[in-house]
1. Condition first: farther than 19 Å from Gly106 by Cβ and among the small types (Gly, Ala, Ser). Now tell me which residues in the range 163-210 satisfy that.
2. Here is a check on your reading of the model: is Ser7 out of contact with any Lys or Arg (no Cβ under 8 Å at 6 or more places or on another chain) and modelled with pLDDT of 70 or more?
Amino acid sequence: MGYLDNSTITVEAILTKKGRELLAKGQGFNITQFAVADDEVDYSLWSPSHPLGTAYYGAIIENMPLVEAVPDETQMMRYKLVTLPRGTNEIPIIALGLNAIEMTYGRDSATPINPSTSQGFNGPGYGYTAILYDSTAATLVGTGLPSNFATTAPSFLGDTSTVNAVVAVGVQFTISAKNVTSQIVTKLTFVGNETGASITIPVTINPAAV
């Protein structure tokens with residue numbers, strides 16, 4: 001969804017695969033949630049030295065063209081706006097304690113992953129959503145949250161990638177290599193269920209050593 005013209009309230013929306021399915025069935029829409037992002041905003045253009053005064057500090061930013069709706073989440077909505085407690089001075093950042101995962105089937109045991117978030121936004125009541133982009137590469141298990149805890153939608157994935165993705169929620173996670181016939185290189189994304197912060201690392205799964 002994107003605002004086409006910042007002088008009028010005109011909104012363009014592209015339906016998701018599920019939305020198109022509901023429309024084809026003749027069902028109406030009842031939008032209860034939405035997200036906003038500032039991907040296209042260049043904050044370096046804020047100009048406190050503008051000769052016309054404070055009302056014009058952000059004039060360039062306010063007149064920037066805004067992108068139209070794009071259904072590919074690898075290109076859109078990557079920097080979502082979130083509401084954080086008053087007094088928060090830093091944007092929450094997720095840390096995993098590792099920069100990449102490489103495993104060989106039959107040789108490496110399950111790899112534990114314990115995400116943590118700066119600013120203390122990692123309470124057990126919320127946890128994280130983990131998204132492994134290729135379910136044929138490994139199994140992904142999350143623990144520490146109720147079994148009926150609702151997952152967030154897979155982030156940064158288009159319709160094609162979402163079909164092959166596996167999603168887990170929890171406070172702690174383990175990933176185990178599957179018995180693959182050739183090397184698979186994919187990605188693993190963690191999204192904070194409370195903050196919306198995210199981090200993505202590469203995952204390499206190697207076939208069993210001969």
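1. Ala165, Ala168, Gly170, Gly192, Gly196, Ala197, Ser198 - these are the residues of the range 163-210 that are farther than 19 Å from Gly106 by Cβ and among the small types (Gly, Ala, Ser).
2. Numbers: out of contact with any Lys or Arg (no Cβ under 8 Å at 6 or more places or on another chain): yes; modelled with pLDDT of 70 or more: no.
Here the answer is no, as Ser7 does not meet what is asked.
The values are calculated or read from the model by the stated rules, or taken from the named source; none is laboratory data. Keep in mind that this is a model prediction, so the values were computed, not measured. All Cβ positions, even for glycine, are placed from backbone atoms using ideal geometry, and neighbour counts span all protein chains on display.
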